[in-house]
Structure formats: structure tokens, C-alpha cells
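Worksheet for the structure shown next.
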Amino acid sequence: MTHVPSEPFTRASIFLGPLIEAYGFRLVSRDYAEGSEADASAEYALGDIRLRLVWEGTARTFWIESGRQSGGSMISRWTDIEWSVTGQRLPVDNDLSDARLERIASALAAFLNPVAASAAQSDSTGDPG
């Protein structure tokens, strides 16, 4: 049986996936079960940086989190990029509108501009960062 991810996760993936990939990240995994209350995620990689678009079905919210990987192991905790950009923990945002996707896209741009520059420098010089 083929599983179809929830509509909000699909919308977020269609909107945010190309933005993530525009920074050089590539999709490395998708994990989801069928139904609007099922959790889902899409993980992207660039060098040792990982981004994960997460849908929490029960809470009906989505976000992007980042982490670092070395070899096959995560060497940092997953951290919400909006928290990283603002420097503080934010309340859960259950808005599923296009405005929410735009807010995540803005946080993504603010988060990735310095990260992408560092990764590109690391890739071109062989220096890990």
C-alpha cells in the first residue's frame, strides 16, 4: 500500500523544499505515514549540516530544525532554526497558512545565509569550517 503524507506536510515540502535545495542541500530521506495526524519529516544534507522539515501531526504544526553530522552519526542536537535565528525559544506556532510558510522561509534564509557561506568555503578549501 502506498502512503500519502498529510496535506500540510506536502504543501510545506513543495514550498520549502526548493528553497532548501537552492542553497545546495539535497534531499536524503523522507519519512511519513498516511493521515493528517501522522508525523512526517524530510531530511536534507549539505556537507556535515542537516536540515529536517518536521510535521508533528498530533499538534498540527511544522518547523525546520538543523543539526550536524559526522560520518553516520549526529553530533549535535536538532535545533529549531527559528529559535536559532531569534536567539530564544519560541512558542509553538500552529498556523498552517501561507503566511506561516513565509515566516519559515524568512527564518531559513536568515539561518542559511551564513551557514551556506561557511559550507561553501569548507567545500572549496577542504577546511572543515
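Set side by side, the residues W83, W55 differ, and just one is hydrophobic (A, V, I, L, M, F, W, C), farther than 23 Å from S6 by Cα, under 14 Å from the mean Cα position of the chain (by Cα) and not in a loop (DSSP other than H, G, I, E, B), which is W83. For Y32, the test of being modelled with pLDDT under 90, crowded, with 17+ Cβ neighbours inside 10 Å and of a type in the set (S, T, Y) is passed. Kindly evaluate L101 against the criterion of being at pLDDT 90 or above and crowded, with 19+ Cβ neighbours inside 10 Å. It is true that L101 is at pLDDT 90 or above and crowded, with 19+ Cβ neighbours inside 10 Å. Residues in region 44-67 that are touching a Lys or Arg at 6+ places or on another chain (Cβ under 7 Å) and surrounded by fewer than 19 Cβ atoms within 10 Å (Cβ to Cβ): A45, D48, G67. Looking at this structure, is A45 out of contact with any strand residue (DSSP E or B) (no Cβ under 9 Å at 6 or more places or on another chain), at pLDDT 90 or above and outside any helix (DSSP H, G or I)? Here the answer is no, as A45 does not meet what is asked. When region 31-42 is examined, which residues are found to be in contact with a His (Cβ under 7 Å, 6 or more places away or on another chain) and not in a strand (DSSP E or B)? A33, E34, listed by residue number. Within 14 Å of the chain's Cα centre (by Cα), within 27 Å of P114 (Cα to Cα), not acidic (D, E) and not in a strand (DSSP E or B): does that describe L19? Yes, satisfied. Of T79, T86, T58, all but one fail to be closer than 24 Å to A22 by Cα, among the polar types (S, T, N, Q), free of Cβ contacts under 8 Å to residues at least 24 places away in the same chain and out of contact with any strand residue (DSSP E or B) (no Cβ under 9 Å at 6 or more places or on another chain); the exception is T86.
Scanning region 35-64 for residues that are closer than 15 Å to S13 by Cβ and of a type in the set (D, E) turns up D39, E43, E56.
The values are calculated or read from the model by the stated rules, or taken from the named source; none is laboratory data. This structure is a prediction, so every number in the text was calculated from the model and none was measured. Backbone-built Cβ (ideal geometry, glycine too); neighbour counts: all protein chains shown.
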